[in-house]
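Here is the structure we will look at.
Read-outs: derived from the displayed coordinates by stated rules, not from any lab. Keep in mind that what you see is a predicted model, and the values were worked out from it rather than measured. Here the Cβ positions follow ideal geometry from the backbone for every residue, glycine too, while neighbour counts run over all protein chains shown.
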């Protein structure tokens, strides 16, 4: 009996998910515990694993479609059982017109086709879904390499081949309009023909509609909510990075050798931010109804760019973390974000956020608060600029900092004090160790 593949529960507030890539398409064999499909929520991406070894007999929800938590999105036929499509009669063989240059015989139990060679033996076994896809795309079995068990051609094989980049044909593409030269200007002997390409044939004017993923929709929703529900204001300052860069260059090799991670600038800013949060507790607070909730702990969110968009994993109790623990955590979060493997627990909460647009070359920006937090610190690219110091013009590595805050809870005086404290700590990093 086929096993139902259902969308698992991903949290109390999540009811709808987005189907990502199917790692195993129809007819593909999967070992127990092997990942079958990516499931995206508005907070994280998880993978649904095969509960036992078997063959994916039916995919009900394709990539890009939405599904509800608990909904059946496919079926897995246990290993050794006859492959069948649950709740559906066997489908008829594809018509002969589907493959005009090859005779294709399709059977639900033992799909076999003769003609096109794609498995090295001269025969290819075409699954029903693959046969339908061949017919729809006007392709022949000989054009597709089969990857399914036993030399079976799967629907995903056809789709993959159809979407693969193809070499440009030597002839003029039919989609390009070629206008012949006027009769009044005959072509010279031995010259090249004069042609012009019509605008209607321009491939650059194509449009493509791609559904927003739940994560992207959630990001858009929260950013709009932040601007509508909070009184946001941004204040700026600049910081001389000379001292931190000197300290980092002096100890980076020993730091890497001892801790197995590079010493970056983010750990300095995390420490300086926590020091400033302790000085100005309103920044580490949030509005909840008619109350102001002051947090006596410091969960610092670090904005990182993942495969599906910007995510903010959280450093829990960052005030207790050492420089090496901060750097190790950020590096680990970065890898998980790129692989879309961050968990909900790693993304939830946070009392303050730091976003470093400087890694992308941003010189100045106004970051948006991550609700229900009351502030966010934006870091930017380091640039050497002429600065006046002690009556002299000197070149210093400077960074602009931007602090966006909720003016309902934080006044301008507190905002400027907070940002200046970070500036003073970064420009004199020994204060972090001495706690002064």
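Below, the figures for the structure above:
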quantity: Cα centroid separation - segment 307-349 against segment 229-270, whole Å; calculated: 17
quantity: Kirkwood Rh and Cα Rg combined as Rg over Rh, evaluated for segment 303-436; calculated: 0.99
quantity: Burial ordering of 321, 153, fewest other beta-carbon atoms within 10 Å first; calculated: 321, 153
quantity: Neighbour-count ranking [beta-carbon atoms within 10 angstrom, fewest first] of 14, 293; calculated: 293, 14
quantity: Residues 228, 295, 380, sorted so that the one with the fewest Cβ neighbours within 10 Å comes first; calculated: 228, 295, 380
quantity: Kirkwood-based Rg to Rh ratio, segment 3-78, C-alpha trace; calculated: 0.95
